[in-house]
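Before any comments, here is the structure.
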Amino acid sequence: MNKSFVVAAFAALAAFPLVAGSYGLDLVTKIMIYAVLALSLELLVGSTGLVCFGQAAFFGIGAYATVLLMGLDWGDSMLWVLPAAVLMAAVYALAVGALSLRTKGVYFIMVTLAFAQMAYYVVHDTPLGGGTDGIYLYSKPALGSWLDLDKPLVLYLFTWACLLGVYVFLAVLLQSRFGRALAGIRVNEQRMRATGFSTYPYKLAAFTISGAMAGLSGFLFAVKDGFVNPELMSWHLSGAVLIMIILGGLGHLRGALIGAFAFALLQELFKSEAIFGNFAKHWHLGLGLSIIASVAWLPHGLVGIPEKITQRLRGVPRQDQEAHHG
């Protein structure tokens, strides 16, 4: 059932350009980019139990690296710009992880936030990142004449391919011995240590991989918008991505996809003046209330809707439903 849903979702996304206009194509491209970012955080939070509040830093580094590298006279080939942007995000994630993973709980959250804020102020307060004005991407990476990311449809399909690649990679990774070790760390790290596992290298590897994937989403974002500014590294974005994976359902890769789409579409819905009139100016209120209602009614995320409906139809009491999930 789960695999069928994922296959159907990716097939629908692949066919979407056949019926979409320019606005729809742009919107779904943006959502898929955020879905890649959500998947990167799902690896940490849902699969390893590490609540990171600095994911925006790796996203922003990937985006800024893309713009800065394209400003050099080394050519605009995606063969080196994309790997370089991902590598820079991964290197920063490795450095951050090496230090922050020596802490636990709320201290880990605060340390990752502190490192993200450091990256934010580097691009905000120095000429390197163009300050508050940001930097424009005047030419976009390409791979010969057949992969020109300046074309909306090509960018859409490339983003779709990246999202599919990241999803498949994580699905395989989490089924491997490495993935099972991460699951053990999430459930009971002390027991893992007692059985002879050195958990630190596993967590550091997961943190670095997560940072690299966030850098990939940053690359895609910079190419799509053609502009980067310090807000890409703000804690607001880290919080939004965390909400996405909670909304979709922690511990499920498909939850990260569903959460990214649900969050972005709710945002677009409450911003619509055609539907909400003047209330659209206060879209944050509507979005917040919707998320609160969703979490209250679906504590296990949107992925739990089919099971919840099935249990209601069977007449399973609420306490038994919660015991089953627990």
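The values are calculated or read from the model by the stated rules, or taken from the named source; none is laboratory data. Computed from a predicted structure; not experimentally measured. Please note: Cβ atoms are built from the backbone with ideal geometry, for glycine as well, and neighbour counts cover all protein chains shown.
For this structure, a couple of remarks:
- Per the listing 166, 172, 154, the residue uniquely at pLDDT 90 or above and exposed (fewer than 14 other Cβ atoms within 10 Å of the Cβ) is 172.
- Every residue from segment 166-213 that is farther than 21 Å from residue 252 by Cα and not in a helix (DSSP H, G or I): 195, 196, 197, 198
- Hey, residue 216 in a helix (DSSP H, G or I) and in contact with a Cys (Cβ under 7 Å, 6 or more places away or on another chain) or not: yes
- Selection of segment 22-59 for residues being of a type in the set (Ser, Thr, Tyr), within 13 Å of the chain's Cα centre (by Cα) and over 15 Å from residue 209 (Cβ atoms) yields only 34.
- Residue 30 more than 17 Å from residue 249 (Cα to Cα) and among the basic types (Lys, Arg): yes
- The residues in segment 94-113 that are closer than 11 Å to residue 51 by Cα and either surrounded by fewer than 16 Cβ atoms within 10 Å (Cβ to Cβ) or in contact with a His (Cβ under 8 Å, 6 or more places away or on another chain) (or both) can be counted, and the count is 5.
- Qualifying positions in segment 218-241 - touching a helix residue (DSSP H, G or I) at 6+ places or on another chain (Cβ under 8 Å), under 30 Å from residue 187 (Cβ atoms) and surrounded by fewer than 21 Cβ atoms within 10 Å (Cβ to Cβ): 235, 237, 240
- Residue pairs meeting the criteria (Cβ under 6 Å; at least 6 apart or on separate chains; first under 15 Å from residue 236 (Cβ atoms) and in contact (Cβ under 8 Å) with a residue 12 or more places away in the chain, in segment 103-132; second charged (D, E, K, R) and in a loop (DSSP other than H, G, I, E, B)): none
Matching residues to (1) out of contact with any Leu (no Cβ under 7 Å at 6 or more places or on another chain); (2) within 25 Å of residue 3 (Cα to Cα); (3) at pLDDT below 80:
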site	(1), (2), (3)
279	yes, no, no
294	no, yes, no
305	no, yes, no
311	yes, yes, yes
321	yes, yes, yes
325	yes, yes, yes
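- Residues that are acidic (Asp, Glu) and not in a helix (DSSP H, G or I) were ranked within segment 35-82; the one that is surrounded by the most Cβ atoms within 10 Å (Cβ to Cβ) is 76.
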